[in-house]
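Inspection log for the structure reproduced underneath, given as structure tokens.
The values are calculated or read from the model by the stated rules, or taken from the named source; none is laboratory data. Worth saying up front: this structure is predicted, and the values here are computed from it rather than measured. Methodologically, a virtual Cβ is constructed for each residue, glycine included, from the backbone with ideal geometry; neighbour enumeration extends over all protein chains shown.
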Amino acid sequence: MLPHGSLRPILAASMLGLLATFSAGTADAAQRGQRAERQRPAGEWTRHTEGQRTANGRQVNTTLTDAQGRQATRDVNVARDKEAGSRTRTVTDTGPNGGQRTLNDVTQRTESGYAREQTVTRANGNTASRDTTVTKDPENGTRTRDTTYTGTNGGEASNSVVTQRTDNGYTRSSVATGPNGSQATRDVAAAYDPATGTWTKDVSVTTTPAP
């Protein structure tokens, strides 16, 4: 249900996305999405990682070098502001041809949960974003997560998940809406019986095509 170029496949391509830049000859491993997780450069390669603690976080720098001496790098900077309740993570991937992809990830603690904004900028300048808000109500035993995805083509999709604690388990209701208006709902009911040591989980899914 995600728009083209959404963050879900982009964020899934971690270090293996860097490895894929060798075989593809470009730093924009994010465009290959989850497929990049299965790709590896041919021949021998080495990886060198250095980490440094900073006053308010850490820095991690990784360099991959293949048999031809080509290199791809990943630079990660994490900064925390305890007083403000925020955390910022910036990731820069640079391919052997000099192309770069950046991820900016900011999480802000709120009174009832947190808000998170993630933006990926590709080598060609296109951006995709994911904004998430999570709220918790301990008294009622509920947790709500609302996410909005914006793809590189401007299309938007959303996903809303409500989890409710019950006496013997939980229920979870999810509604995903695609950029064309299509919807999918997923309802889960889970229960555990400590007397017999058994648990059950029932899932129902309903899809509605775009109007």
Self-check item: Extreme residue, nearest to Val91 (Cα to Cα), among residues of the range 41-74 that are of a type in the set (A, V, I, L, M, F, W, C) and in a strand (DSSP E or B)
Solution: Val60
Quiz prompt | Residue tally, condition modelled with pLDDT of 95 or more, at negative phi and surrounded by fewer than 16 Cβ atoms within 10 Å (Cβ to Cβ), over the range 84-99 | solution = 3
Exercise. Mind listing whichever residues of the range 147-181 are small (Gly, Ala, Ser) and assigned to a loop (DSSP other than H, G, I, E, B)?
Key: Gly151, Gly154, Gly155, Gly178, Gly181
Exercise. Kindly indicate the residue of the range 38-57 that is more than 14 Å from Thr107 (Cβ to Cβ) and surrounded by 14 or more Cβ atoms within 10 Å (Cβ to Cβ) and also nearest to the chain's Cα centre (by Cα) among those meeting that condition.
Key: Gln39
Quiz prompt | Residues of the range 141-154 that turn out to be at pLDDT 95 or above and at negative phi, as a count | solution = 9
Exercise. Would you check if Thr185 is buried (at least 16 other Cβ atoms within 10 Å of the Cβ) and not charged (D, E, K, R)?
Key: no
Practice problem: Go through Thr185, Thr206 for me and flag whichever is out of contact with any Lys or Arg (no Cβ under 9 Å at 6 or more places or on another chain), outside any loop (DSSP other than H, G, I, E, B) and farther than 30 Å from Gly99 by Cα. | Solution: Thr185
Quiz item: Does the range 125-141 contain at least one residue that is buried (at least 17 other Cβ atoms within 10 Å of the Cβ) and in contact with a helix residue (DSSP H, G or I) (Cβ under 6 Å, 6 or more places away or on another chain)?
Solution: yes
Quiz item: Give me the pairs: first residue in the range 198-211 and farther than 18 Å from Tyr170 by Cβ, second residue surrounded by 10 or more Cβ atoms within 10 Å (Cβ to Cβ) and not hydrophobic (A, V, I, L, M, F, W, C), beta-carbon distance under 6 Å, and six or more apart or on different chains, which are they?
Solution: Thr206/Thr185; Thr208/Gln183; Pro209/Ser182; Ala210/Asn180; Ala210/Gly181; Ala210/Ser182; Pro211/Gly181
Quiz item: Which of the residues that make up the range 58-70 are under 23 Å from the mean Cα position of the chain (by Cα) and buried (at least 16 other Cβ atoms within 10 Å of the Cβ)?
Solution: Thr62, Thr63, Leu64
Quiz item: Is it the case that Arg32 is loosely packed, with under 11 Cβ neighbours inside 10 Å, under 22 Å from the mean Cα position of the chain (by Cα) and at pLDDT below 95?
Solution: no
Practice problem: Name the single residue, out of those in the range 142-157 being within 14 Å of the chain's Cα centre (by Cα), of a type in the set (Ser, Thr, Tyr) and over 30 Å from Trp199 (Cα atoms), that is surrounded by the fewest Cβ atoms within 10 Å (Cβ to Cβ). | Solution: Thr148
Quiz item: Based on what the data block shows, is Arg80 surrounded by fewer than 15 Cβ atoms within 10 Å (Cβ to Cβ), touching a residue at least 24 places away in the same chain (Cβ under 8 Å) and in a strand (DSSP E or B)?
Solution: no
Self-check item: Which numbered condition Gly125 misses (of (1) assigned to a strand (DSSP E or B); (2) out of contact with any Asp or Glu (no Cβ under 7 Å at 6 or more places or on another chain); (3) closer than 30 Å to Arg74 by Cβ; (4) of a type outside the set (A, V, I, L, M, F, W, C))
Solution: (1)
